[in-house]
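Read the structure below first, then the notes.
What follows is calculated from the coordinates using simple rules that are stated; it is not laboratory data. Note that the structure is a prediction, hence the values are computed from the model and not measured. Cβ placement follows ideal geometry from the backbone for every residue including glycine, while neighbour counts extend to all protein chains displayed.
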Amino acid sequence: MPIGVFAFGSILPDLMDRAFSFGSQQVWKEIHRTISHWPPVYLMLAVGGWVSGLDIVGWLALGGLVHCLTDMLTYYGIPIRTPFGKRFSLSLLRVGSLADYVFCFSPLIVGVVLLLFGLISVG
């Protein structure tokens, strides 16, 4: 798996919100976790990328999908049925809490340890 592409995809939803808000905090609050956090977009891009042989698009979209599903664990949630509709949340984590950081960074830490001990490889 192209880890760098996947990693970039995993921050892409929030990067898109920042770009489309043009630095306006008010606009950002209105658009955050709407179309940029709608899982069907990333699911379609991932499947389309892999079916058409554009693996890089598939991995980028998979990163975005994982981001969205992780945000679904927070109290704020993500849109499910429509990009601008009611958000769905499992309400397990508060953004910025210790549990949020532990949950989000644990896979990275485990991955780095596995790389250091030669149990997995990149590429």
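With all distinct Cα pairs included, what does the Kirkwood hydrodynamic radius of the chain come out to in Å, to one decimal, could you say?
Details: mean 1/r = 0.0646 Å⁻¹.
About 15.5 Å for the chain.
A cut-off of 5 Å between modelled amide H atoms, ignoring neighbours fewer than 5 places along the same chain, links LEU54 with no other residue. As a proxy for reagent exposure, MET16, MET72, MET44 were ordered by neighbouring Cβ count within 10 angstrom, fewest first; the result is MET44, MET16, MET72.
Could you work out how much longer the chain between LEU92 and VAL66 gets when fully extended? Use 0.36 nm per residue separation minus the Cα distance between them, nm to one decimal.
7.8 nm
The calculated FRET efficiency for the pair VAL110 and ALA19, based on their C-beta separation and a Förster distance of 30 Å, comes to about 0.45. Listed by Cβ neighbour count within 10 Å, with the fewest neighbours leading, ARG18, ARG81, ARG87 appear as ARG81, ARG18, ARG87. Since only PHE117, PHE20, ALA46 are under comparison, the one whose Cα sits farthest along the positive direction of the charge dipole of the chain, derived from C-beta charges on Lys, Arg, Asp and Glu, is PHE20. Over the chain, dividing the summed -39,500 (n - 2.57) contributions of all DSSP H runs of at least 4 residues by the number of residues returns a 222 nm mean residue ellipticity of -19500 deg cm²/dmol. Peptides 57-65, 28-36, 110-118, 96-104 ordered by packing proxy, namely the average of other Cβ atoms within 10 Å per residue, highest first: 57-65, 28-36, 96-104, 110-118.
For ASP100, project a label point 7 Å along Cα to C-beta. Then give me every residue of the stretch 19-61 with its amide nitrogen under 14 Å of that point. Taking a point 7 Å out along Cα→Cβ of ASP100, the residues of the stretch 19-61 whose backbone N falls under 14 Å are 33.
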